[in-house]
Amino acid sequence: KILVTGSAGQLGTELIQMLCEVYGPDAIIASDINHNAAKKFPFCSFIALDVMDQVSLRKVIISENVTQVYHLAAVLSASAEQKPLMAWDLNMDSLLILLDLAKELKLDKIFWPSSIAVFGKESPKENTGQNSVQTPNTVYGISKMAGERWCDYYHQHHHVDVRSIRFPGLIGYKAKPGGGTTDYAVDIFHKAISGASFQSFLKKDTRLPMMYMPDAIQATLDLMEAPKESITVRSSYNLAAMSFTPEEIYLELKKYYPDFSINYVPDYRQEIAANWPQTIDDLQARKDWNWQSKFDLSQMTKDILTNLPNWLDKF
Ligand code: VAH
């Protein structure tokens, strides 16, 4: 069976749906620390699970015959700056607990998301490479950089088959993001559709690597299905789809909502975004497991505006 932690999060909510489609709902166990999240997953099993509780996690893996774990539970960049040591503990210790259980219980595969947040001020801004220097200056970025090293260590020393992707900012309409610096790019759609004006917490020209959720889900499945011999990166793969600024996504939405208005009120998240890359070189993922993005800004915008209104009607 496949266990997913952090299932109620932005990535988890959509990944669970795809995993159920691909492997069948009986093969999937959704989990989250919030037991209320159960109602989001009526179509598969759900377990309330604290990823810091090694005893419970071990019990679930053994009793439910878990062979793969997608470990998505984490504190994202903006939230982590508000509670540094708690974020470091959760992001780091939960991964270490899982890697050690994977070694002890000989799990088949682990997926763990990293982020472009591992790059910092000294990293190249354009076409940041798979092995570009990493000088993260956020708690989240530090935890992802350290986590990548641990993944590589457990693969090298204990043959744990852990696979990872450095996601750009992820944009989806099916789940609210929680505490990310790129969350503005999700909220702007809801504001455009509801006829509200939009206040951006990043400056108009802050360019960031971004990806539409269907591309991120497909990449995750492609990586997890790739033959292990083709995987040459056991820290985490760079991945790219598009890059845009708040002004560019605003102007794209304005094509559909001519009265939509925006103002820019940068806050502490501007400093985080300013130290991240603007564009990413994902050549290694393209070579190793045929990665190819499908959505650019205009295709994503069209797809979200087509689906979001109906999606909102369901609630
Ligand atoms: C965040 N959405 O903002 C995440 C992601 C690259 C951004 O890591 O923290």
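The values are calculated or read from the model by the stated rules, or taken from the named source; none is laboratory data. Since we're looking at a predicted model, the values are computed, not measured. So basically every Cβ, Gly included, is an ideal-geometry build from the backbone, and we count neighbours across all protein chains shown. To get the accessible areas, we keep the full protein, side chains included, count just its heavy atoms, and leave off ligands, DNA and RNA. Shrake-Rupley method; radii C 1.70, N 1.55, O 1.52, S 1.80 Å.
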*Considering only residues that are open to solvent by less than 20 Å² (accessible area, probe 1.4 Å) and polar (S, T, N, Q), look in the range 236-266 and name the one that is farthest from Thr301 (Cα to Cα).*
Ser236
*Residue satisfying all of: in the range 176-204; within 18 Å of Gly6 (Cα to Cα) and within 11 Å of the ligand (Cβ to nearest atom); modelled with the lowest pLDDT among these*: Pro177
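Quick one: would you say Gln284 is free of Cβ contacts under 8 Å to residues at least 24 places away in the same chain, within 30 Å of Lys109 (Cα to Cα) and not in a strand (DSSP E or B)? So that I can check it myself, show each step before the final result.
On the way: free of Cβ contacts under 8 Å to residues at least 24 places away in the same chain: no; within 30 Å of Lys109 (Cα to Cα): yes; not in a strand (DSSP E or B): yes.
Criteria not met by Gln284.
Could you please find all residues in the range 3-48 being under 26 Å from Lys103 (Cβ atoms), open to solvent by 10 Å² or more (accessible area, probe 1.4 Å) and either away from the ligand (no atom under 16 Å from the Cβ) or part of a strand (DSSP E or B) (or both)?
Tyr23, Ala27, Asp32, Ile33, Ser45, Ile47, Ala48
For Glu81, indicate whether it is within 22 Å of the chain's Cα centre (by Cα), open to solvent by 10 Å² or more (accessible area, probe 1.4 Å) and touching a residue at least 40 places away in the same chain (Cβ under 8 Å). Don't jump to the end; show me each part of the working.
Values: within 22 Å of the chain's Cα centre (by Cα): yes; open to solvent by 10 Å² or more (accessible area, probe 1.4 Å): yes; touching a residue at least 40 places away in the same chain (Cβ under 8 Å): yes.
Spelling it out, Glu81 is indeed within 22 Å of the chain's Cα centre (by Cα), open to solvent by 10 Å² or more (accessible area, probe 1.4 Å) and touching a residue at least 40 places away in the same chain (Cβ under 8 Å).
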*Residues within the range 84-102 that are among the hydrophobic types (A, V, I, L, M, F, W, C) and open to solvent by 10 Å² or more (accessible area, probe 1.4 Å), tallied*: 6
_Condition broken by Tyr173, with the remaining ones in (1) part of a helix (DSSP H, G or I); (2) modelled with pLDDT under 95 satisfied_ = (1)
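Before we move on, is Asn310 surrounded by fewer than 21 Cβ atoms within 10 Å (Cβ to Cβ) and closer than 28 Å to Gly141 by Cβ? So that I can check it myself, show each step before the final result.
Details: surrounded by fewer than 21 Cβ atoms within 10 Å (Cβ to Cβ): yes; closer than 28 Å to Gly141 by Cβ: no.
Taking the combined requirement at face value, the residue does not satisfy it.
Go through Pro277, Pro209, Pro266 for me and flag whichever is in a strand (DSSP E or B), touching a residue at least 12 places away in the same chain (Cβ under 8 Å) and within 16 Å of the ligand (Cβ to nearest atom). Write out each step before concluding.
Working: Pro277 fails: in a strand (DSSP E or B); Pro266 fails: in a strand (DSSP E or B).
Result of the check over Pro277, Pro209, Pro266: Pro209.
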*Restricting the search to the range 131-160, which residues are away from the ligand (no atom under 16 Å from the Cβ) and farther than 24 Å from Gly179 by Cβ?*
Asn131, Val133, Asp152, Tyr153, Tyr154, His155, Gln156, His157, His158, His159, Val160
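From Ser235, Ser164, which residue is within 16 Å of the ligand (Cβ to nearest atom), assigned to a loop (DSSP other than H, G, I, E, B) and in contact (Cβ under 8 Å) with a residue 24 or more places away in the chain?
Of Ser235, Ser164, the one residue that is within 16 Å of the ligand (Cβ to nearest atom), assigned to a loop (DSSP other than H, G, I, E, B) and in contact (Cβ under 8 Å) with a residue 24 or more places away in the chain is Ser235.
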*Consider Val133 against the criteria (1) of a type in the set (Val, Ile, Thr); (2) surrounded by fewer than 17 Cβ atoms within 10 Å (Cβ to Cβ); (3) under 18 Å from the mean Cα position of the chain (by Cα): it satisfies all of them except one. Which criterion is unmet?*
(3)
_So, in the range 106-149, exactly how many residues are touching a Lys or Arg at 6+ places or on another chain (Cβ under 6 Å) and closer than 15 Å to Leu76 by Cα?_
5
*Number of the exception - Val51 against (1) within 19 Å of the chain's Cα centre (by Cα); (2) crowded, with 21+ Cβ neighbours inside 10 Å; (3) part of a helix (DSSP H, G or I)*: (3)
*Out of all the residues in the range 105-115, is one or more open to solvent by 20 Å² or more (accessible area, probe 1.4 Å) and either of a type in the set (Ser, Thr, Tyr) or part of a helix (DSSP H, G or I) (or both)?*
yes
*Can you tell me which residue among Ile280, Ile304 is in contact with a Pro (Cβ under 7 Å, 6 or more places away or on another chain), modelled with pLDDT of 95 or more, open to solvent by less than 50 Å² (accessible area, probe 1.4 Å) and not hydroxyl-bearing (Ser, Thr, Tyr)?*
Ile280
